[in-house]
1. Among A:CYS23, B:CYS23, which comes first, second and so on when ranked by fewest other beta-carbon atoms within 10 Å?
2. Is the C-alpha gyration tensor of chain B telling us rounded, prolate or oblate? Criteria: a/c under 1.5 is rounded; beyond that, a/b larger than b/c is prolate, otherwise oblate.
3. Using Cα positions and a limit of under 13 Å, work out the aspartates and glutamates in reach of B:LYS56, with same-chain residues fewer than 8 apart set aside.
4. Return A:ARG36, B:ARG60, A:ARG13 ranked ascending by Cβ neighbour count within 10 Å, so the fewest neighbours appear first.
5. Percentage of Cα-Cα pair distances in the protein assembly as shown greater than 34 Å, rounded to whole percent?
6. Just tell me how shielded A:27-35 is by partners: mean number of partner chain Cβ atoms within 10 Å of each residue's Cβ, no decimals.
7. If contacts are Cα pairs under 8 angstrom and at least 6 residues apart, what is the relative contact order of the range A:28-92 in percent?
8. Sorting A:TYR35, B:TYR36 on the 10 Å Cβ count, fewest up front, what's the list?
Amino acid sequence: DGGITQSPKYLFRKEGQNVTLSCEQNLNHDAMYWYRQDPGQGLRLIYYSQIVNDFQKGDIAEGYSVSREKKESFPLTVTSAQKNPTAFYLCASSTSTSGGAYSYEQYFGPGTRLTVT
Amino acid sequence: EDKVVQSPLSLVVHEGDTVTLNCSYEVTNFRSLLWYKQEKKAPTFLFMLTSSGIEKKSGRLSSILDKKELFSILNITATQTGDSAVYLCAVQAGTALIFGKGTTLSVSS
């Protein structure tokens, strides 16, 4: 059945190590997104991609990197440059139309909780 | 700067009560307002609102948008313990969604 998967569910890393979070979708959605959620905070956009081989920075892109080599996949790398990486990371996808005004809902994966010590 | 503000930040009610959650926004290029319910993990989609004054309803939940006053409300009638969750409001302005901090609803039996 269709959906968004994220792995792993929990991830522990030592400070100074890069770590890559996986996000895969089989909804045939063009657009994919990465959000970070901290306690008591809403979701903050890290990166998004509307089409393969193209992505844009969100509000808090510093210390993160992404790639979009396939429509189904949008992995997020948390680099050692990210000063406070411990958080809950959510991946989402949606349909996307190029140009013009459009409205859509985003579907979310189950999330990855990253703890860096 | 675009912003979405939800109130209250937390709410505790008894089963059977009716609650109203608020979401106000200031964004350029408004396209839609969305409500999500988050229970520990992935937010699940509730409603998308694009036009003022048209109520969207799903069971005990309903929502309405006022584009003149720039706010939306989410109503939950006859609350149940299963309604306990964080309710997120998000506004689509341009390409991505801008989220509020959420309202944490706790329903006690």
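1. Sorted ascending by nearby Cβ count, the order is A:CYS23, B:CYS23.
2. Since a/c reaches 1.5 and a/b is larger than b/c, the shape of chain B is classed as prolate.
3. Straight-line reach from B:LYS56, under 13 Å: B:ASP66.
4. With the sparsest Cβ surroundings first, the list reads B:ARG60, A:ARG13, A:ARG36.
5. 14 percent
6. What the average comes to for A:27-35 is 1.
7. 34 percent
8. With the fewest neighbours first, A:TYR35, B:TYR36 line up as B:TYR36, A:TYR35.
Rule-based calculations on the coordinates, nothing more; no lab input. What you see is a predicted model; the values in this text were computed from it and never measured. Virtual Cβ from ideal backbone geometry, glycine too; neighbours counted across all protein chains shown.
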